[in-house]
Structure formats: C-alpha cells, structure tokens
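Since the structure comes first, as structure tokens, the remarks are kept for the end.
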Amino acid sequence: MKPNYLYILIIVCYFSSYSQKNTQLKQFERYDKIRLLSYNMQRYAYKPENELKIIGNKINFKKDLKFIDDIILSEKQKNKILSILIEDHSKKNCRGSDCYMPRHIILFYKKYKLIDFYEFCAECGGDRKSKGLDILSHFCDDKGQKIKELLKKMKLKNYGDDDTGNYKYY
C-alpha cells in the first residue's frame, strides 16, 4: 500500500507551524510580569509629544489619562493574548484604518523593571511597540476582533468597543 504523501505533508506542516508558535511564545518567558491596562479615553497619539517612551520605570502618559482596567495577566491569559499577537499577518493581507486612537497597552516587566510595551487599538488595527517587541507581527483589525472577544471573556470594563460606556472620546 502506497503511503499518502499529502497526508504526511499536512501533518508535517501542522507540527512545524505549532512548533514555530511555541518557540515564539517561549521568547516571552523572559518577562516575569505582564500587565494589561485599558484607558478611560482614547489616547491621542498623533502629536510628537504624545509618543510613548519608557522613562524610569514608567510610561510617559499624559496626566488626564486614567486606567479603568489594570490587571496582571495569568499564564493562561498571557498565552491567549500573545497567541493572537504573534499570528503572522503581513501588511498587504491586513485591513486597518488610518486613525490611531488606542485604548489598551500591555506592559512587560523583568525583575520588577518595565522594559517593553505594546499599545494597540482593537478597532482600527493599529499598534505601537517598544524595540524589544519586534517579534510581534503587524496588528490589524482581524486581530483586533479576536482581542476584543478575549477582553470581553476576561470581563474587562473596556474591551475595545464603543458600547461599553466606560471611556470618553476627546
């Protein structure tokens, strides 16, 4: 009986893809704590003075920006969010908007020190990240929809949709 080469090829491709995703997730093991924040309003990110930077052990947020969700991610939550973020979506296959009014940021700590950040807008599909997170592929509205569903399941007050009523517009 001849082996079914197509079947073997499918199995090899599946395990190769699974192995690559696990390798990418393992790169996040260098962080001891990952924290998810959601803003009380959309952050206006277009002015140069609003560009995010890590200064000391904090992000240089404007004073009027408050947080309505502030959680330290469990291992399970971390893996679910990061699995979505590392999905490979090339820019040409991604849909997104020209606006960028983010509502969430993920902070990455090592030995109690903030070393990386990843800010995103689940509605428009835009993101900003620190240099240490180049492993994360382009964010787009397809990922945004998955993230919104996950944030709803996590029972966040601000899960990225306009109907939450928990944040204000400018």
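Here are some notes:
- Computed over protein heavy atoms with a 1.4 angstrom probe, the accessible surface ordering of GLU123, GLU29, GLU87, largest first, is GLU29, GLU123, GLU87.
- Sequence of ARG128, ARG103, ARG35 when ordered by accessible area, the most exposed leading, probe 1.4 angstrom: ARG128, ARG35, ARG103
- From phi via Karplus (6.51, -1.76, 1.60), per-residue ³J(HN,Hα) for the stretch 126-140 in Hz, x at Gly/Pro: x, 8, 9, 9, 6, 4, x, 10, 5, 5, 6, 6, 4, 7, 8
- Proximity of backbone amide H atoms, modeled 1.01 Å from N, is registered between GLN42 and LYS168, TYR170 at under 5 Å, excluding neighbours fewer than 5 places apart on the same chain.
- Solvent-accessible heavy-atom area per residue, rounded to whole Å², over the stretch 98-146 at 1.4 Å: 40
- Between the beta carbons of TYR109 and GLN145, assuming R0 = 25 Å, the FRET efficiency works out to 0.35 to the nearest 0.05.
- Heavy-atom accessible area for LEU82, with the other protein chains in place and a 1.4 Å probe, reaches approximately 10 Å².
- Subset of LYS47/LYS146; LYS58/LYS131; LYS76/LYS157; LYS66/LYS110; LYS33/LYS76; LYS26/LYS80 violating a 21 Å alpha-carbon distance limit: LYS47/LYS146; LYS66/LYS110
- Computed from backbone phi, the HN-Hα couplings of the stretch 147-157 come to 5, 4, 4, 5, 5, 5, 5, 6, 6, 6, 5 Hz, rounded to whole numbers (Karplus: 6.51 cos²θ - 1.76 cosθ + 1.60, θ = phi - 60°; Gly and Pro given as x).
- For the stretch 107-118, backbone phi angles converted through the Karplus equation (6.51, -1.76, 1.60; θ = phi - 60°) give residue-by-residue couplings of 10, 10, 10, 9, 6, 6, 10, 6, 10, 8, 9, 9 Hz, Gly and Pro being listed as x.
- Solvent exposure ordering (accessible area, 1.4 Å, most first) of HIS138, HIS104: HIS138, HIS104
The values are calculated or read from the model by the stated rules, or taken from the named source; none is laboratory data. Since this is a predicted model, take the numbers as computed values, not measurements. Virtual Cβ from ideal backbone geometry, glycine too; neighbours counted across all protein chains shown. Note: accessible area is taken over every heavy atom of the protein model, side chains too, but ligands, DNA and RNA are not part of it. Shrake-Rupley method; radii C 1.70, N 1.55, O 1.52, S 1.80 Å.
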